[in-house]
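Read the structure below first, then the notes.
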Amino acid sequence: MQVVAIIPARFGSTRFPGKPLACQTGKPLIQHVYERVVAARSVQRCIVATDDQRIAEAVRGFGGDVEMTRADHPSGTDRLAEVVARMAGGGDDLILNVQGDEPEMEPDSLDRLVARMAAEPDCRVGTLACPLPPGCDPTDPGCVKVVCDRRGRALYFSRAPIPFARDAGGPEATRLLHLGVYAYRRDLLLAFASWPPGRLEQIEKLEQLRLLERGEPIVVEVVDHASPGIDTPEEYQAFVARQRAG
């Protein structure tokens, strides 16, 4: 089984245009992400998938692997599928989808997800979650929650506060925050990209619900904590400060 990590990256961003190329640390942001991914012991190849020549040139500049894609993809998953469709490999090869704004991603988290997929060969897709961090409002729709069965497989993902504690004094609602890292078996990724959006996906705007609606089990590996993602210039400045302090 080959393990390939793909980082989708685009220049345009409503809240932070040009984010992958921000370089106040002396390295473009995309390089920080790339270096964290290749530090995972289980990852055999890492590719940046982009439609922007500026990002491609930056990746080549630090010696990274890059693949150009079309500019009309509606999601990062579709961008991955274009790259994977061009690659040689077997149907059980594992494709990791790592967000391009996670410069502090824990390599061990990727290794744990790969190990979990190897241990459960009947599952064709997996993802990460962590306990809802202190201060994270469970009613915040920007924080996606997941509930799992006893085997650690997803029952549902939602922007709502699930599970909902109806009765005061009842069992404590231990909530899990979904982290946007996925592991797909190659054949499943290519099939997934060809499926039309499902009804629940259109309601919640969560593409992983397309898998659940079709009865596809999703394994959820729970790690200790989330790595800080970067969506805004302010979050990038906080990352720069941590780098300088560290």
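The values are calculated or read from the model by the stated rules, or taken from the named source; none is laboratory data. Just so we're clear, the structure is a prediction, and the values are computed from it rather than from any experiment. When we count neighbours, we look across all protein chains shown, and the Cβ atoms used for this are built from the backbone with ideal geometry, even at glycine.
Values for this structure:
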quantity	calculated
Segment 126-142 residues that are under 11 Å from Arg175 (Cα atoms), paired with ones that are outside any strand (DSSP E or B) and among the hydrophobic types (A, V, I, L, M, F, W, C) (beta carbon under 6 Å, 6 or more apart)	Cys130/Val223; Cys130/Ala226; Cys136/Cys143
Pairs, first under 21 Å from Glu235 (Cβ atoms) in segment 95-124, second among the acidic types (Asp, Glu) and at pLDDT below 95, C-beta under 8 Å, six or more apart	Asp101/Asp231
Among residues of segment 55-82, those that are at pLDDT below 95, among the hydrophobic types (A, V, I, L, M, F, W, C) and buried (at least 21 other Cβ atoms within 10 Å of the Cβ), counted	2
Qualifying residues in segment 83-122 (those that are acidic (Asp, Glu) and touching a helix residue (DSSP H, G or I) at 6+ places or on another chain (Cβ under 8 Å)) - the one nearest to Ala241 (Cα to Cα)	Glu104
Only one of Leu96, Leu80, Leu113 that is outside any loop (DSSP other than H, G, I, E, B) and under 21 Å from Cys143 (Cβ atoms)	Leu113
Single match in Ala226, Ala168, Ala241 (criterion: free of Cβ contacts under 8 Å to residues at least 40 places away in the same chain, under 24 Å from Glu104 (Cα atoms) and not hydroxyl-bearing (Ser, Thr, Tyr))	Ala241
Any chance Asp101 is surrounded by 13 or more Cβ atoms within 10 Å (Cβ to Cβ) and not aromatic (Phe, Trp, Tyr)	yes
Qualifying residues in segment 5-34 (those that are of a type in the set (A, V, I, L, M) and part of a helix (DSSP H, G or I)) - the one surrounded by the fewest Cβ atoms within 10 Å (Cβ to Cβ)	Leu21
Among the candidates Gly169, Gly91, residue that is over 22 Å from Val37 (Cα atoms) and touching an Asp or Glu at 6+ places or on another chain (Cβ under 6 Å)	Gly91
Neighbours by Cβ (under 6 Å, 6+ apart or cross-chain): first from segment 35-57, outside any loop (DSSP other than H, G, I, E, B); second basic (Lys, Arg)	Ala49/Arg79
Within segment 154-246, helices (runs of 4 or more DSSP H) holding 1 or more residues that are basic (Lys, Arg), at pLDDT below 95 and surrounded by fewer than 17 Cβ atoms within 10 Å (Cβ to Cβ)	233-245
Residue identified as in a helix (DSSP H, G or I) and surrounded by fewer than 19 Cβ atoms within 10 Å (Cβ to Cβ) among Asp108, Asp122, Asp137	Asp108
Close pairs from segment 66-92: first closer than 14 Å to Val4 by Cα, partner among the small types (Gly, Ala, Ser), Cβ under 6 Å, at least 6 apart	Val66/Ala56; Glu67/Ala49; Ala81/Ala193; Val83/Ala49
Scope segment 58-80; condition in contact with an Asp or Glu (Cβ under 8 Å, 6 or more places away or on another chain) and among the aliphatic types (A, V, I, L, M); matching residues	Val59, Met68, Ala71
Residue identified as farther than 15 Å from Ala183 by Cα and in contact with a helix residue (DSSP H, G or I) (Cβ under 6 Å, 6 or more places away or on another chain) among Val59, Val33, Val38, Val48	Val48
Which listed residue is within 21 Å of Ala39 (Cβ to Cβ) and modelled with pLDDT of 95 or more, from Ala115, Ala129	Ala115
Residue in segment 109-128 that is more than 24 Å from Lys205 (Cβ to Cβ) and of a type in the set (Val, Ile, Thr) present	yes
